Amino acid sequence: MEQQADRKKAILWREVLGWLLSNVVPVITYLYAQKAGFNRESSIFAAIVSVTLVMWITEILPDFVPGLFSTLMFILFSLAPNEVILSGFASEGFFLAVSVLGLGTVIVTSGLSHRYSLMMLKIMPPNTFWYTISLFFTGLIFTPLVPVISGRAAIVAPVLNVIVTHSYDGLDLDEQTMARSKTALFASSLIGITLLSASFLSSTPLNLIIYGMLPLQEQQSFQFIKWSYASFVVSATMLIAFFIILGLYFRTFHKLNINKDFIDEELKHMGRLKIAEWIAVFGIVILAVGMFAATITKINVTWVAFAIMFSLLLVGVLNSTDFRTKIDWSFLFLLGSMIGLVNTMNYLRIDAIVVNNLGWLANYMHSDFRLFIILLSLTIFAIRLIIPMNAVVLIFAATLLPLAKASGISTWLTGFLILFFAETAVFPFQAPYLSNFRNYTKSVVNQQERGVSVMNLLLFFVKIAAVYLSIPFWTKIGVL
Amino acid sequence: MRRRPVIVALIIVFLLLSATLVLYSSITKPIILVIHSYDPDYAWCRDITVGAHRVLKKHPNYSVKWFYMDLKNHNDPAFRRKAGIQAREAVQRWQPNVLILIDDDASELVGRHYVNNPKINIVFAGLNGEYSPYGYDKAVNATGILEHKQFQAMKETIETIEKTSKGHESINKSYNNGVADRAGHVKIMYIADNSTSLAIDKIYIDQFDWRPFEYLGSYVARDFEEWKKFVIDGNNRADYILLANYRTLKRTNHAGYDELVHPNEVVQWTNTNSKVPVIGLNLFNVEDGCMLSIGVSPFEQGEVAAAMAVDIIDKHISPRDIPIRLNKQFVVAMRHSMLTAKGIALPEVYEVFARSTDNYKN
């Protein structure tokens, strides 16, 4: 009770501070911008963006509300033509996001992901080594298919619960070994759904936002396959490092005593693959074919994905209720407003002001990219301790993408690095989007939170190494 | 989901038919990929695109893709290599029926890789020099339009200024009784940055017969400081300074890093510090702040390249049967207030021409 009261008090203070700053910061920003010689439009733009940032950082409103606020204010102050401000809602990135979210919804609601989890449990030999790997790869396989981390958490968490509930009975293990073993399973599940989030275009809403913020030419280059291909060395390094750290740090591989009868029972209850599941599989296959055959079909992958979502609606696998409730429309509004914000910024030539004022950083990016990586990773790591992930990614992207363009560095690479480093949550409070996962597994998985934190911290340093290792590859394929 | 089998069958037929039609339309749709060497904000590229659109808008059945290599803003070897890889990836991705390559860099980094490729037809535009360095002379799949600067028109314009502008400061220095007397004393110098296209132009401008004027040679500035030096030097030696481009000029900023100097700043500095008339060889020089320019028409480059692409696609004419063309059109751009300030008066027809092409600025 006392803890709850403290929490409520902290939220109240945050809200008071947030609203106070929301009133004061834009006025100061406007006056400062005027004094610095900005014209009227640029000064108003800076003031509006400053309020939006305050709202994001202090989390006084859901993320998409400040985004919509900025869109509305840009229109009401006539900072740019409406088609520029609202361009995000008509962009390819927007329709790609709608489509990916639609397909992801069907993969989950059709029962396909649940069936996969049960079959995985049935096939895998009952020991912590195989189950750790299985849990990790379950999260990994659904990373490009389910574009929301909490959605993947909802797939993996029940499997973890089943393993932990049914596998430890009758095992002769001391308490510490058992806790270590369960923590290893928990960590591999948790890390499996997040580790390679930056490596697939469709794995998180933030990736789709960054994609939408890239110049059109880069968007055409870095669609699904090229995005994953360009991040291949980073992904491979992270995977290898993860298993090495898991093996060395937890060292608790042992047999499990799982009774698989209930799995057979559940699979029997589910029956044969349903039409909805077949259609979900078909949708995934068509999307994959669309990606690989784009040079033959000459159809942009965005529209292939949109056609798949349309077909799902047409055959009724994605019904109107799921379309309304399961697709994260608040995120889509955030995406539309963010792309509009960037385009308004470009229209007002504020990107040029950013480049002029941060020329020293642009020079680092151009002349000493290795040092820039260190600077970027450590800055993001420090800021992520106090500012939520979405705000960090949006702020860094809005600042660094114009700089990258000006200094001749790939905007995709810059966006990828921001996503990659920002997706580091050493402490649980840094990843509130995973709170469902923790809450759902808390009653059965008595994990050692410290162990998970240490592992995430180690992986952060591996991330820096992975980026360094990837530099020759990026140079070879013309990204760097 | 619980639908009668007949409804399900009809839905499947509907989807299959739609998919087939869309695929057929898409696969058979001609693709033109336009690769610019520079960036979309660069006036030269912008106006070539305007010219190309004039032709391509009549062909809505084409799918036109654009790629910008951005080599004016970044011209170091590493970036050039990267831009080449990315542009060639775009070619692989779109598999265009016709590849339109604008300016020399696009031909150097992309075009030469597709010479005699049976699946891709090449149309080049904006080549400042010859087309043989890119292998087009031996190619059966390449044609295009060259961009050779209008030196004769420039010489005639200088002659005209000499005849008509007696108030012009440098002319007053030595003006006697008309151009015939003074022509031999009129000295012209050309200042350029060290970009690829200007390196090719340099050969042509140096070879051009500027007589009766005296041509002092071309001066290639490696950076903005050297540019300034050449301009100041020109005040004592030349009567006219010609320039074409300056977008790759760099300077060291306060923090000790190299940065590109904005074109407007270069031209403004040049105008302020040059005592002799500064005339541009590109249309956009006036947009950057010059008083007068006689330039190759970028619109013609875009229009001709697009028309050649249409002939290849619609009339199935092989590129080798379409003769390579030399540019024919040039455009005059002028800034009235600056010409007046320099005491330069040009015949009315110059103003009419500049106004009719929307290149007249007060």
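Since every read-out is calculated from the coordinates, none of them should be taken as a lab result. Nothing here was measured: the structure is a model prediction, and the numbers come from that model. All Cβ positions, glycine included, derive from the backbone under ideal geometry; neighbour counts span all protein chains shown.
Computed from the C-beta positions of A:F282 and B:S63, the FRET efficiency with R₀ = 25 Å rounds to 0.35. Between the Cα long axis of helix B:196-207 and the first principal axis of chain B there is an angle of about 40°, rounded to the nearest 10.
Between B:V50 and B:I317, 0.36 nm times their residue separation minus their Cα-Cα distance comes to what?
Additional length available on full extension: 93.7 nm.
Only alpha carbons enter this Debye calculation for the stretch A:254-351, each as an equal point scatterer, and the log10 of I(q)/I(0) it gives at q = 0.15, 0.17, 0.23, 0.25 Å⁻¹ is -0.90, -0.98, -1.14, -1.20.
Bin all alpha-carbon pair distances of the protein assembly as shown at 10 Å intervals from 0 and give each bin's fraction as a whole percent. Each 10 Å bin holds this share of Cα pairs: 2, 11, 18, 21, 19, 13, 8, 5, 2, 1, 0, 0.
Estimated translational diffusion coefficient (Stokes-Einstein, Kirkwood radius over Cα pairs, 25 °C, 0.890 mPa s) of chain B: 109 µm² per second.
If a spin label sat at a point 7 angstrom from the Cα of A:T109 along the line to its beta carbon, the backbone N atoms of the stretch A:320-338 nearer than 20 Å would be those of A:320-333. On the basis of the beta-carbon distance and an R0 of 51 Å, A:V24 and A:N161 show a calculated FRET efficiency of 0.60. Here the alpha carbons of the stretch A:174-227 define both size measures, Rg and Dmax, at 17.5, 58 Å.
Its Cα gyration tensor gives the stretch A:1-79 an equivalent ellipsoid. The semi-axes, each the square root of 5 times an eigenvalue, are 30, 14, 7 Å from largest down. Helix A:261-270 versus the longest principal axis of chain A: what is the Cα-based angle in degrees, 0 to 90, to the nearest 10? Long axis of A:261-270 versus the principal axis of chain A: about 60 degrees.
Checking every one of the chymotrypsin sites (Phe, Trp or Tyr not before Pro) in the stretch A:50-136 against DSSP loop status and a limit of 15 other Cβ atoms within 10 Å picks out A:F77. Taking all C-alpha pairs of the stretch A:36-148, those more than 18 Å from each other amount to 69 percent. The long axis of helix A:40-58 is offset from the longest Cα principal axis of chain A by roughly 20 degrees.
For chain A, the ratio of Cα radius of gyration to the globular rule of thumb 2.2 N^0.38 Å stands at 1.01. Summary value for chain B: 18 percent relative contact order, contacts being C-alpha pairs under 8 angstrom separated by 6+ residues. The distance linking the stretch A:455-480 with the stretch B:348-362 is 56 Å (Cα centroid to Cα centroid, whole angstrom).
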